[in-house]
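Values in this text are rule-based calculations from the coordinates and carry no lab data. What you are looking at is a predicted structure, and each value in this text was computed from that prediction instead of being measured. Every residue, glycine among them, receives a Cβ derived from its backbone with ideal geometry; neighbour counts consider all protein chains shown.
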Amino acid sequence: MEKKKVMLGLQLPTDPRWVDVVKMNIDEVLTDHAWCEQKAASNAISTIVRFSEHDDLVEEMTRIALEEMEHFGMVHAKIQERGLILGPERADAYVRDLLAFTKRGGSKTNQLVEKMLFSAMIEARSCERFRLLSEELQDEDLCAFYHELMISEANHYTTFIGFARKYGGDIDVDARWQEFLEFESSLMSKYGKKETMHG
């Protein structure tokens, strides 16, 4: 598991106190998680709309959108099993901060690379969070659930990075990815303290 963590390239781990917060607020986290899955599906769909000229990208984003909505349904089922209802959609400050870091405008190639790296960054951190939950929660069912989702997030990360490199043209994608990693690490001092998936 540590090898996967290194592969994702995250420069700072999640504050371990986050898991303690989650343990005390698992119902709240499940609702936030459900909406994260819905937003991930919407992100894949918007990628299809924006970059429909790439057949392989359309195929993969279609698969990811369907998978993310399946995950939404799975999280919703966990919520229902606990006798709860899905709460309202939540704002995601972490995603907002990452989006503000992306470069706007420029060529369509640049826009695609930014979209792919933005998406890969979210998947990388989500994968790390799911790993923590799979290892630290006392609920065996949720541990197994988050282990399964961790693998899926790692695959999505690889897909997004792969498309950035494939269609990046003369952009130094690896250098730009390092900038994303450095920026994301600078955010972590203010995240990892709330009962949300990225909070």
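Going by neighbour counts of Cβ atoms within 10 Å, the residues 128, 182 line up, fewest first, as 182, 128. For the options 120, 154, 93, a Gaussian network treatment of the chain with springs between C-alpha atoms closer than 10 Å singles out 93 as fluctuating the most. Counted by neighbouring Cβ atoms within 10 Å, the residues 148, 67 run from fewest to most as 148, 67. Extension gain for residue 139-residue 103 works out to 8.9 nm (0.36 nm per residue, less the C-alpha to C-alpha distance). Here is the list for segment 74-115: GluC sites (Glu not before Pro) lying in DSSP coil, each with at most 15 other C-beta atoms within 10 angstrom of its C-beta, are 89. Inter-label distance, residue 59 to residue 111: 2.5 nm, where each label sits 7 Å from its Cα along the C-beta direction.
Length gained on full extension, residue 147 to residue 19, computed as 0.36 nm times the residue gap minus the Cα-Cα distance: 44.6 nm.
Reported to the nearest whole Å, the Cα centre-to-centre distance from segment 165-183 to segment 64-93 is 32.
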